[in-house]
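Visitor: Below: one structure in structure tokens.
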Amino acid sequence: MKQIIHLKVNGQDYEVYVAVNKTLLEVLREDLNLTGTKHGCELGECGTCTVLIDGEPVLSCLALPIELQGREITTIEGLAEGANPHPLQTAFAELGAAQCGYCTPGMLLSSKALLDQHPHPSRDEIKHALSGNLCRCTGYTKIYEAVEKASKT
Amino acid sequence: MPNNHKLAVIGHAQPKIESMQKVTGETQYADDLFLPRMVYGKILRSVYPHARIIGIDTARAEALPGVLAVITGKDLPIKFGIMPSSQDEEALCVDRVRFVGDPVAGVAAIDEETAERALDLIEVEYEPLAPIMSIREGLDPTLPQIHEYADQHNVHKFVSLEFGDMEAGFKAADHIREDIFFYEGDTHLPMEEHSCVGHYSADGKLTLYSSTQTPHYVHRALEKTLEMPRGHIRVIASPVGGGFGGKTDPFSHEIVACKLSMLIGRPVKITLTREEVFYTHRGRHPVLMWVKSGFKRDGQITALHFKTALDGGGYGSYGIASTYYTGALQTVTYKIPAYKFEGLRVFTNKPPCGPKRGHGTPQPRFGLEVHLDKIAHDLGLDPAEMRRKYVVDDATKTVNHLTITTCGLRQCIDEVTKASGWKQKTADHRQPTAVSGQKLALSAVEGSAVKHGLGIACGSYLSGAGLPIYWNDLPHSGVIVKVDRGGGVAVFCGSTDIGQGSDSLLAYIAAEEFGLKPKDIKVITADTDLTPVDLGSYSSRVTVMTGNACIQATRQVKEKILQATAEKLLVPAESLSMRDGMVICEDDENRQLSFVDAVNLAEKKFGTLSGTGSYKPPKRAGPFKGSGVGPSPSYSYSACVASVSVDTETGVVTVDKLWLAHDGGRAINPLLVIGQTEGSAYMGFGEAMMEESAFRKNMHKIPSMLEYKSPTTLDTPEIEAILVETIDPEGPYGAKEAGQGPLLPVPPAIANAVFDAVGVRIDEVPITPDKVLKALEEKSKGKEPRFGPKDFPNITWPEPIKVEPPENAPKLVQ
């Protein structure tokens, strides 16, 4: 069954006509061409598809757009202000926190949610905030360092 | 080569050239491609571990609205495989399935949902066969044979090699020790599920975009299986969202997507589900090991005998090379005057194993380094000092004919022992003992259930395989550099960036040579239409091989630019250097030209400016069959100290910290080398503590990311990476490898630390709480304080090939 759904993504209003069982992940990638949101399992296990809904990290593979009408959805494409990257993005790039880069959008959004609530988190707070986002490349160390650097700017 | 202080780009920590695209979501991985008229492919997979296919009825699937094509094994009957000697895979199984997950049929449909529904409508009649699910079953000649081409029934490959005088070695020993180890299989678990888009266009040419580490080998497999000239096929490796060796084989889904596209004339995308990624596998082989060594009172090894048995899974993959690799690199760390290796790989009805980070060497390295720890304990020696004393020398050969150019292992040991406070912390624990194997280290704090310990181990890995996968005498890496009159520099190379930074490497080298910034260099890679062949991102080969080819290509153009500039400025070309965007006369700095002006002069004089570079590793294989696996331009070295806490009540081991020093030659970008070292520490930790490809009732027990335990931020210990920079003569600016070697010492360092903490040996990974508790229970009963395999199967090995050691190999000291 298809339905018209109104979504607000990165400050922009969209009207999509999609099957009601289509996940937010699928709608973002396939209907809105926002392919910056990645997927690693589609089962809510890896955190790769993390987006923000009203500032809270949510796994887009488990979220249904029909329930998100009227909410503010932020994807990786909405993190920069125009051509100016978010301090987290700059820090991740400069400190080598993105190796293959595939988990990076999810990591960045979880990190943004953390910094929005705790602008100067401890290492332990960072670890807890990112504990739902798997990364296979970095051993996490450079990611912590990048979040810490961004928290100081 | 210029001195370090003169290098403007090389040796400086800096971001990768594509890092901003990665942090903004701009990077397009394979599954991010949506081509016009693109449709979706899905693959039906076997539900039996071992069965004959009696018949496949696709009629109902074909009749489903929205289904565009359905194919089976009869549409793709030509076999393929990464190794020329193991052409045993079919894109879709023709008459036999060999593991749960083996591909059986392919569907193209207008969307994924329709394709999935079509899979449900395909009827396959199977005749189940007895499955072979373990090494021991693989050795049982009464069970069905999985492949007909094996060395002996289900033994895919036997290897038997002997170097130097084993008898004399054991005779000269003060003591002899035997141990048995098991290293469980595990998988790469890249965050990106494999994905590809096949596009057969109206001009009769085929393009495949794929998340592959080896576009060149995929190119060859498509040519073979699709019976199409390679020149009509273009393979483009998309940015790879994690490889670790898991995307180095040509795969069924790549061939199926292309075939479906050829049938329907539209682009076809196939993206594997996470469950399918577990079946596609090619992960770490489970390896059972037996090791026996003779050694002197001071720990010097007089002879080493190593046996391995690998559980290969359903197909060959890289398995023959993997088997050799379980015996090749034991000799490159410490001086060993006599060495015998016997190894075999069995076929089993599980997803095929292949190369995972360290390819075949982390398992024997675990066995060897724990074995050495036991020897040190037997002798009452400091395990760090004992290793340090017998590190191989620079510019020598090993007993099995491998060439050591530079070895920074001693310095690695010094760095990690210093950083971890090893000497102070371990001095209290150790008491000299007689050789008994029973004396335990004691680090217990009286009364507490949690005990602490430190362990050390070392490792080494190759900087690129000395020989290509298929026999040929061509370059392993090619680079083309083009410089245009606007000052633009483009570097073309078939190398494939999997996140390690190989694209950036090309930019750093071109920028260094031309006196520009990495940002000024355009890099075009991994596209078989546009780029010269590079064999791919495997065996840690890219920095050394691509780097050398890139230096050669850039210097070819540089020479022309300098010559044209010299004529203009009326100075000798030798007095010119390129730096800060200028060509400058070092004898008179007033004489200079901008890079752009110099390029224009050169183009006027020589015509269109381009340069080519080719790299082939030095020919160093020893004079025996099987000598092709192991040789490399150089070897990296690593040492790790692990600090652990063991809860004796629950068996839970917590790794508190890992110190990991790595000699990767000159660090072309220290930021990336540290990143590789930290990532290796993490991955080695995961293998040591939790990751396992386990099977139950002939099924993969845990084909999901929730059940396949991998370390989160909360599990991963603090990691301190330390770089040791030997300047290796074979490498570009002295570089060696960094992507794989640092993983090797991590699992044995952790196992050795557990022993230091609680006095029990866990002789298999992963080191899970149940194993620790069982070993502690044995200890409390006064039995051997150990958990691990009890015996190694009794195997009739082929007569070993006996090889004389090279002239400058370590000699037996009487």
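Visitor: For the stretch B:642-659, take each phi angle, set θ = phi - 60°, evaluate the Karplus expression 6.51 cos²θ - 1.76 cosθ + 1.60, and give the result in whole Hz per residue in order, putting x for glycine and proline.
Guide: Karplus-based 3J(HN,Hα) across the stretch B:642-659 equals 10, 10, 10, 10, 10, 8, 6, 8, 9, x, 6, 9, 10, 8, 7, 7, 10, 9 Hz.
Visitor: Please check: in the Gaussian network model of chain A (C-alpha springs, under 10 Å), which one of A:140, A:17, A:102 has the largest mean-square fluctuation.
Guide: Looking only at A:140, A:17, A:102, the biggest GNM fluctuation is shown by A:17.
Visitor: Please list the equivalent ellipsoid semi-axes of the stretch A:87-151, computed as the square roots of five times the alpha-carbon gyration tensor eigenvalues, in descending order and whole angstrom.
Guide: 16, 12, 10
Visitor: Here is a follow-up. If Lys and Arg each add +1 and Asp and Glu each add -1, what is the summed charge of the other residues whose beta carbon sits under 9 Å from the beta carbon of residue B:244?
Guide: +4
Visitor: Another question, if that's okay. Report the net charge of residues surrounding residue B:773, where surrounding means a beta-carbon distance below 12 angstrom and charges are Lys +1, Arg +1, Asp -1, Glu -1.
Guide: Combined, the nearby Lys, Arg, Asp and Glu give -2.
Visitor: Something else: Of B:136, B:282, which has the most accessible area with a 1.4 Å probe, and how do the rest follow in descending order?
Guide: Reading off the accessible areas and sorting them downward yields B:136, B:282.
Visitor: Ignoring ligands, DNA and RNA, what percent of the accessible area of chain B is carbon or sulfur (1.4 Å)? Intermediate results must be reported in sequence, preceding the final value.
Guide: Values: 14070 of 27840 Å².
The computed percentage sits at 51.
Visitor: Excluding ligands, DNA and RNA, what is the solvent-accessible area per residue of the stretch A:2-78 at a probe of 1.4 Å, expressed in Å²?
Guide: 42
Visitor: For chain B, what does the alpha-carbon gyration tensor say about shape, rounded, prolate or oblate, given a ≥ b ≥ c as the root eigenvalues, a/c under 1.5 as rounded, and a/b over b/c as prolate?
Guide: On the way: a/c = 1.80, a/b = 1.10, b/c = 1.63.
Cα axes put chain B in the oblate bin.
Visitor: Using amide H atoms built in the peptide plane, which far-off residues or other-chain residues are under 5 Å from residue B:652 H to H?
Guide: Residues meeting the criterion, in which the H sits 1.01 Å from N, are B:647.
Visitor: Work out which residues of the stretch B:240-256 lose at minimum 30 square angstrom of accessible surface when the other protein chains are put back, relative to the chain isolated, with a 1.4 angstrom probe, and list them by number.
Guide: For the stretch B:240-256, once contacts with the other chains are taken into account, B:244 lose 30 Å² or more.
Visitor: Could I ask something else about it? Using the heavy atoms of the protein chains and a 1.4 angstrom probe, tell me the accessible area per residue for the stretch B:480-621 in square angstrom.
Guide: Working: 5710 Å² over 142 residues.
Here the per-residue accessible area is 40 Å².
Visitor: Another question, if that's okay. Just to check I understand the Karplus step: with θ = phi - 60° and J = 6.51 cos²θ - 1.76 cosθ + 1.60, what whole-Hz values come out for the stretch B:555-560, glycine and proline as x?
Guide: 5, 4, 6, 4, 4, 5
Visitor: State, in square angstrom and to the nearest 100, the accessible area buried between chains B and A, both chains counted, probe radius 1.4 Å.
Guide: 3800
Visitor: A further question on this structure: Among B:232, B:371, what's the order by accessible area (1.4 angstrom probe), most exposed first?
Guide: Sorted by accessible area, descending: B:232, B:371.
Visitor: Can you list the residues, at least 5 places off or on another chain, whose amide H is less than 5 Å from the amide H of residue B:764, using H built in the peptide plane?
Guide: B:182
Visitor: Under 9 Å from the Cβ of residue B:312, count the other residues' Cβ atoms, weight Lys and Arg +1, Asp and Glu -1, and hand me the total.
Guide: +2
Visitor: Please give the residues from the stretch A:97-123 for which the solvent-accessible area of heavy atoms, probe 1.4 Å, is smaller by at least 20 Å² with all protein chains in place than with the chain isolated.
Guide: Listed in order, they are A:98, A:99, A:100, A:101, A:102.
Visitor: Also: Shielding of B:664-676 by partners, i.e. mean partner chain Cβ atoms within 10 Å per residue?
Guide: Details: counts 0, 0, 0, 0, 0, 1, 1, 4, 2, 1, 3, 10, 5.
Averaged over the peptide's residues, the number is 2.
Visitor: While we're on this one: Note the per residue figure in Å³ for the convex hull of the C-alpha positions in the stretch A:20-153. Spell out each step's value before the answer.
Guide: Working: hull volume 14.0 nm³, N = 134.
Given the Cα convex hull of the stretch A:20-153, per-residue volume reads 104 Å³.
Visitor: Shape call for the protein assembly as shown from the C-alpha gyration tensor, a ≥ b ≥ c root eigenvalues: rounded (a/c under 1.5), prolate (a/b greater than b/c) or oblate?
Guide: Judged from the Cα gyration tensor, the protein assembly as shown comes out rounded (a/c under 1.5).
Visitor: Could you work out, residue by residue across B:577-590, how many beta carbons of other chains sit within 10 Å of that residue's beta carbon, and then give the average as an integer? Walk me through the numbers before you get to the answer.
Guide: Details: counts 0, 0, 0, 0, 0, 0, 0, 0, 0, 0, 0, 0, 0, 0.
Counting Cβ atoms of other protein chains within 10 Å of each residue's Cβ and averaging gives 0.
Visitor: Also: Non-local amide H neighbours of residue B:247 (under 5 Å, H modeled in plane, Pro and chain starts lacking H): which ones?
Guide: Close amide H contacts, sequence-distant or interchain: B:213.
Visitor: Right, another one. How much length would be gained if the chain were fully extended between residue B:171 and residue B:120, taking 0.36 nm per residue of separation minus their Cα-Cα distance, in nm to one decimal?
Guide: 11.8 nm
Visitor: Give the carbon-plus-sulfur fraction of the accessible surface of the stretch A:87-151 in %, rounded to a whole number; probe 1.4 Å, heavy atoms of protein chains only.
Guide: 51
Visitor: Where a Cα-Cα gap under 18 Å defines reach, which aspartates and glutamates qualify for residue B:781, not counting those fewer than 8 residues away within the same chain?
Guide: List returned: B:649, B:770.
Visitor: Please work out whether the stretch A:21-80 counts as rounded, prolate or oblate from its C-alpha gyration tensor, where a ≥ b ≥ c are the square roots of the eigenvalues and a/c under 1.5 means rounded, while otherwise a/b larger than b/c means prolate and anything else oblate?
Guide: rounded
Visitor: I've got another one for you. From the phi angles alone, apply the Karplus equation (6.51, -1.76, 1.60; θ = phi - 60°) to the stretch B:318-331 and give each ³J(HN,Hα) in whole Hz, x where the residue is Gly or Pro.
Guide: Values per residue, Gly and Pro as x: 8, x, 5, 5, 4, 4, 4, 5, 6, x, 7, 9, 4, 8 Hz.
Visitor: Let me ask something else. Could you do me a favour and compute the accessible area per residue for the stretch B:717-772, 1.4 Å probe, result in Å²? Intermediate results must be reported in sequence, preceding the final value.
Guide: Values: 1040 Å² over 56 residues.
Spelled out: the 1.4 Å probe surface of the stretch B:717-772, per residue, equals 18 Å².
Visitor: For the stretch B:454-497 and the stretch B:766-807, compute the distance between their C-alpha centroids and round to whole Å.
Guide: Between the Cα centres of the stretch B:454-497 and the stretch B:766-807 lies a distance of 38 Å.
Visitor: Testing the spin-label approximation: label points 7 Å from Cα along Cα→Cβ at residue B:297 and residue B:587. State their distance in nm.
Guide: If labels sit at residue B:297 and residue B:587, their model points lie 6.7 nm apart.
Visitor: Turning to a different aspect of this structure: Between A:70, A:44, A:132, which gets the highest mean-square fluctuation from a Gaussian network model of chain A, Cα cutoff 10 Å?
Guide: A:70
Visitor: Using a 10 Å cut-off around each Cβ of peptide B:12-18, what is the average number of partner chain Cβ atoms that fall inside?
Guide: Partner Cβ neighbours, averaged per residue: 3.
Visitor: Related question: Just from its helices, what would the mean residue ellipticity at 222 nm be for chain B, if runs of 4 or more DSSP H residues each count -39500 (n - 2.57) and the sum is divided by every residue, rounded to the nearest 500 deg cm²/dmol? Before the final figure, lay out each step's value.
Guide: Numbers: 19 runs with 215 residues, N = 814.
So the calculated ellipticity at 222 nm is -8000 deg cm²/dmol.
Visitor: Can you put B:121, B:474 in order of accessible area, largest first, using a 1.4 Å probe?
Guide: My answer, sorted largest first, is B:474, B:121.
Visitor: Taking every DSSP beta bridge that has both residues in the protein assembly as shown, what percent is antiparallel when rounded to the nearest 5?
Guide: Details: 121 of 157 bridges.
DSSP beta bridges in the protein assembly as shown are roughly 75 percent antiparallel.
Visitor: Once you have the Cα-Cα distance between residue B:570 and residue B:60, take 0.36 nm times their residue separation minus that, and quote the gain in nm to one decimal.
Guide: Length difference between fully extended and current span is 175.5 nm.
Visitor: While we're on this one: List the residues of the stretch A:16-46 that lose 30 Å² or more of accessible area once all protein chains are present, compared with their chain alone (1.4 Å probe, heavy atoms only, no ligands or nucleic acids).
Guide: Checking the loss per residue gives A:29, A:30, A:35, A:38, A:39, A:40, A:45.
The values are calculated or read from the model by the stated rules, or taken from the named source; none is laboratory data. Nothing here was measured: the structure is a model prediction, and the numbers come from that model. Glycine gets a Cβ as well: all are built from the backbone with ideal geometry, and neighbour counts include every protein chain shown. Heads up: the accessible areas ignore ligands, DNA and RNA and are worked out on the full protein's heavy atoms, side chains in. Shrake-Rupley method; radii C 1.70, N 1.55, O 1.52, S 1.80 Å.
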